[in-house]
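Let me begin by presenting the structure, written as structure tokens, before commenting on it.
The values are calculated or read from the model by the stated rules, or taken from the named source; none is laboratory data. All values reported here derive from a predicted model rather than from experimental measurement. For neighbour counting, all protein chains shown are included, and Cβ atoms are generated from backbone atoms with ideal geometry for every residue, glycine included. When the accessible area is computed, the model is the full protein with side chains, heavy atoms only, and any ligands, DNA or RNA have been set aside. Shrake-Rupley method; radii C 1.70, N 1.55, O 1.52, S 1.80 Å.
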Amino acid sequence: MAKKLRVTLVKSTIGQKPAKRATVRSLGLKKLSSVVEHEDTPSIRGMVASVSHLVKVEEID
């Protein structure tokens, strides 16, 4: 069974560059403390890595 990632927005996107804001939105995060779950794929990992200073990531089964 594939692993999943739980991504939580812990810091605001105010003051961030438009590309970082777009990455957060494309992950499905809208408001502070919002949580989404994604399949653990290289593309999702890359998106999370680019906004790692704004999000918290947990691996779940």
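Some observations on this one:
- Relative contact order, percent, the chain [alpha-carbon distance under 8 Å, six or more residues apart]: 57
- Two-site label geometry, THR41 and ARG21: point separation in nm, points 7 Å out along Cα→Cβ: 2.6
- Around the amide H of VAL55, modelled in the peptide plane, lie the amide H atoms of VAL10, all under 5 Å away and 5 or more residues distant in sequence or on another chain.
- Over the chain, accessible surface divided per residue gives 67 Å², non-protein components excluded, 1.4 Å probe.
- Under the Karplus curve 6.51 cos²θ - 1.76 cosθ + 1.60, θ = phi - 60°, whole-Hz ³J(HN,Hα) for region 22-36, x wherever Gly or Pro sits: 5, 5, 4, 5, 6, 6, x, 9, 10, 9, 4, 6, 6, 10, 9
- For SER34, the residues whose amide H sits under 5 Å from its own are LEU9, ignoring neighbours fewer than 5 places away on the same chain, with H placed 1.01 Å from N.
- For the chain, trypsin sites (Lys or Arg not before Pro) meeting the loop criterion (DSSP other than H, G, I, E, B) and having at most 11 other Cβ atoms within 10 Å: LYS3, LYS30, LYS31.
- The portion of the accessible surface of the chain made up by carbon and sulfur, rounded to a whole percent, is 55 (1.4 Å probe; DNA, RNA and ligands excluded).
- CD proxy at 222 nm, helix term only [per DSSP H run n ≥ 4: -39500 (n - 2.57); per residue of the chain; nearest 500]: -8500 deg cm²/dmol
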